[in-house]
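Undergrad: The structure that follows is given in the form of structure tokens.
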Amino acid sequence: MQDNIQNTPQSNPNYPPNFRPQKKTRWWIPVSIIGGVFLLFVIFIFAFFSFLGSSFNFEEPEVKIEDKTVLTIDLSDGLPEYSKQDPFSIFSGGNKSLSFFDILNAIDRAKDDDKIKGILLNINGSVGRAKGAELQEKLESFKESGKFIYSFIESGDEQTYYNSLTADSIFMPTEGLLEFNGYGISSMFMTGLFKKIGMEYHVVGFEDFKSAVDSYNKYKFSDSSRYQLEVMLNQFQDEFIASVAKHRKIEKSQVLALLNQGLFTVDSLYKYKLIDGMKTKTQVEDFIKSKVYPDLSTDSLYTKELDLVSVVQYNKSKYKPKGEVDEDKTIAIINSVGPIYSGSDDNSLFGNSEYEIRSAKFVEQIRDAAEDDDIDAIILRIDSPGGSVIASDEMWEAIMEARKRKKVIASMSDVAASGGYYMAMACDKIIAHPSTITGSIGVILALPNFEGTREMLGITADTISTTTSAQFLNPMFKYTEADKAKLYTLSKTIYMRFLERVAESRGKTVEQIREVAKGRVWTGRDAKEKGLVDELGGLEFAIDYVKEMIGVDKDKLVYVKSYPERKDDFQAFMDALGLKNEINMTNETFVERVKNEFSPTIQSLILNMEYLTPEMQSQMKYTLAMYDISRKERFLMAMPQMIDYK
């Protein structure tokens, strides 16, 4: 009996009393099997489609352009600087997205293409101010050919309407809606909420205009913030009024009066000559048919098909460049779009749907371009509100190193501010569009303090420290004056280094730069006057500028190599699975990545709330991006907020 008792787990000296050891599970075995089966299934599907393609020659046919074709430009997805590659496009017939550069090239081609009779604009997406203005300039150039442009708007705002102004006629459906009520910015301030829960933020900002966290410690816009935003909005509105007056043959005073009236129904828009007719999209196409085939009867037009070709399809058709090509010259365009992060995004299974700048990727790209003997110069195409200080500095160093080998020119898109400007100032020259939002040269910190919240909840706290500074900026206790002074010194050091580098880049003194810095946001036009940029112009201006720098005649064409480079569809698919050039990932790793990719997160839950307006989604994405960066870094170079004006 005694022996039986001693042999039971309860009496084993390796276990505490009443402890029953659990049988070790091997949960990873079925998970690995499932992951392996899934992986094999995906590879099988790919192999199956590849087999079909090779057996039946399922290659995408070359697009043939018929006589009297109309080019359609759909801006429902905006004007991205570059098209992100879909790793599963191999199953969907190839890439169907397009870039801003694609659209500019297509319009240029169509201008001289005898088979293209005109352009139909479908203006229903969100387009940035600078790219929208450059698009308008390109469309005005197209009209010099004598071909038509017609525009169809379902609904939109001032920017939507602005992008349609070059059209010979603008049409809207009877129940369409257009916000024609001027420009404005609104922001929520959380200070009152924080006060109710005993929370407060200690903010250190350099300097007056750096208002990124005003919503955390103020109840309304500061005087400086309000002033800089009013200046910018008034400039945008003045440009809008001038463009409407020019294209619609209306007095500027009348345009302003209409903006003050507010929202308009379509019949009112027609009454005030802001649009040319009320038509559905089908009716617009019928109207265009009557212009393309003026000799056909009404009955014949009804049954006649209108040949429409999208920009994506048009760029796949045969094309012989008009003009001589300099075979020996190539320009690299490195597209730098989105918030700035440190590191790389290689850990993403299917890639990030949002545009972002990763310092490791950027360094890899600019080094590749700098070391490529076939590349003669580099254009950094920047569309970024900033982000990580560490990443911005890493990219600054890489740009400075690249300049030892090649000319590097910055071309600012819609936004190139804070960290975005930090990148640009490392270049040989800076080119901004007059409507670019830039500057924001400053640094700001916002640190939460929860002592009030802790006391409200009756929570006490105690500490044990080995040094006098071990509890520096502990958010459970009020920050001491010594803590605040030390934090101020740390922040000022970063700000002064920023000013020094700008001053060195612009050939000015630190005090001269400080006068136009202080965190203030400028339009490209004002930035040129203040000496923060060298030239005013868009992407094509930048290309012509670089051509001149490398000794190419303006009338000649050059090759353009774009970064990030597009991969072969098969390689993109394999990379998405983490397989690279070989099957080098275990089942367990694969399953873990699938789990991480598809597990719901706060970001994914918020960003997929369909009831949020586009403006709220944009601000939410930006806020979450800044939060994501701040989890690793204390100091940021970032815009005050995503400036969504309407």
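Undergrad: Can you give the FRET efficiency to the nearest 0.05 for VAL510 and ARG226, using r as the Cβ-Cβ distance and R₀ = 30 Å?
TA: 0.65
Undergrad: What is the extension gain from LYS68 to SER268, computed as 0.36 nm multiplied by their sequence separation minus the C-alpha to C-alpha distance, in nm to one decimal?
TA: Extra length from LYS68 to SER268 when fully extended: 68.6 nm.
Undergrad: Loop-only trypsin sites (Lys or Arg not before Pro) in region 189-240, please: DSSP not H, G, I, E or B, and at most 14 other Cβ atoms within 10 Å.
TA: Those that pass, being in a loop and sparsely packed, are LYS220.
Undergrad: What spacing in nm lies between the two simple spin-label points modelled at GLU207 and LYS316, each 7 Å away from Cα in the Cβ direction?
TA: Going from the GLU207 label point to the LYS316 one covers 5.6 nm.
Undergrad: On a 25 Å Cα-Cα criterion, which of the cross-link pairs LYS429/LYS486; LYS246/LYS271; LYS404/LYS547; LYS508/LYS556 come out too long?
TA: Exceeds cut-off: LYS429/LYS486; LYS508/LYS556.
Undergrad: Would you kindly state how much longer the chain becomes between LEU490 and SER344 on full extension, computed as 0.36 nm times their sequence separation minus their alpha carbon distance, in nm to one decimal?
TA: Difference between extended and current length: 49.8 nm.
Undergrad: Next question. For region 100-116, just list the computed ³J(HN,Hα) in residue order, Karplus coefficients 6.51, -1.76 and 1.60, θ = phi - 60°, integers in Hz, with x standing in for Gly and Pro.
TA: Taking θ as phi minus 60°, the curve returns 4, 4, 4, 5, 4, 5, 4, 5, 4, 4, 5, 4, 9, 8, 5, 7, 8 Hz for region 100-116.
Undergrad: Need one number: the % of Cα-Cα pairs in region 266-323 sitting beyond the 16 Å mark.
TA: 63 percent
Undergrad: Size of region 379-491 along its principal axes in angstrom, Cα-based, largest extent first?
TA: Each principal axis gives a Cα extent; for region 379-491 these are 59, 32, 19 Å.
Undergrad: With a cap of 15 neighbouring Cβ atoms within 10 Å, and only residues DSSP puts in a loop, list the chymotrypsin sites (Phe, Trp or Tyr not before Pro) found in region 191-280.
TA: TYR219
Undergrad: So, in nm, how far is label ASP462 from label VAL325 when the simple model puts each one 7 Å beyond its Cα toward the Cβ?
TA: Each label point lies 7 Å from its Cα, and together they span 7.8 nm.
Undergrad: If the chain between ALA360 and ASP114 were fully stretched, how many nm would it gain, using 0.36 nm times the residue separation less the Cα-Cα distance?
TA: 84.0 nm
Undergrad: If you place +1 on the Cβ of every Lys and Arg and -1 on the Cβ of every Asp and Glu, how big does the dipole about the Cα centre of region 299-345 come out, in debye to the nearest 20?
TA: Dipole magnitude for region 299-345 comes out near 60 debye.
Undergrad: When only C-alpha pairs under 8 Å and at least 6 residues apart count, what is the relative contact order of region 141-262, in percent?
TA: The normalised contact order for region 141-262 reaches 25 percent.
Undergrad: Something else now. Computed FRET efficiency, Cβ-Cβ of LYS561 and GLN471, R0 60 Å: what is it to the nearest 0.05?
TA: 0.70
Undergrad: I would also like to ask the following. Quick one: if you stick a label point 7 Å off each Cα along the C-beta vector at THR280 and LYS249, how many nm between them?
TA: So the label points at THR280 and LYS249 sit 3.1 nm apart.
Undergrad: Report the FRET efficiency, 1/(1 + (r/R0)^6), for GLU305 and SER155, where r is their Cβ-Cβ distance and R0 is 25 Å, rounded to 0.05.
TA: Working from the Cβ atoms, E equals 0.35.
Undergrad: Along the Cα-to-C-beta direction of SER76, a point sits 7 Å from the Cα; which residues of region 109-153 have their amide N less than 20 Å from that point?
TA: 119-128, 150-153
Any read-out appearing in this document is the output of simple, stated calculations on the displayed coordinates, not a laboratory observation. What you are looking at is a predicted structure, and each value in this text was computed from that prediction instead of being measured. Cβ coordinates were reconstructed from backbone atoms using ideal geometry, including for glycine residues, and neighbour counts include every protein chain displayed.
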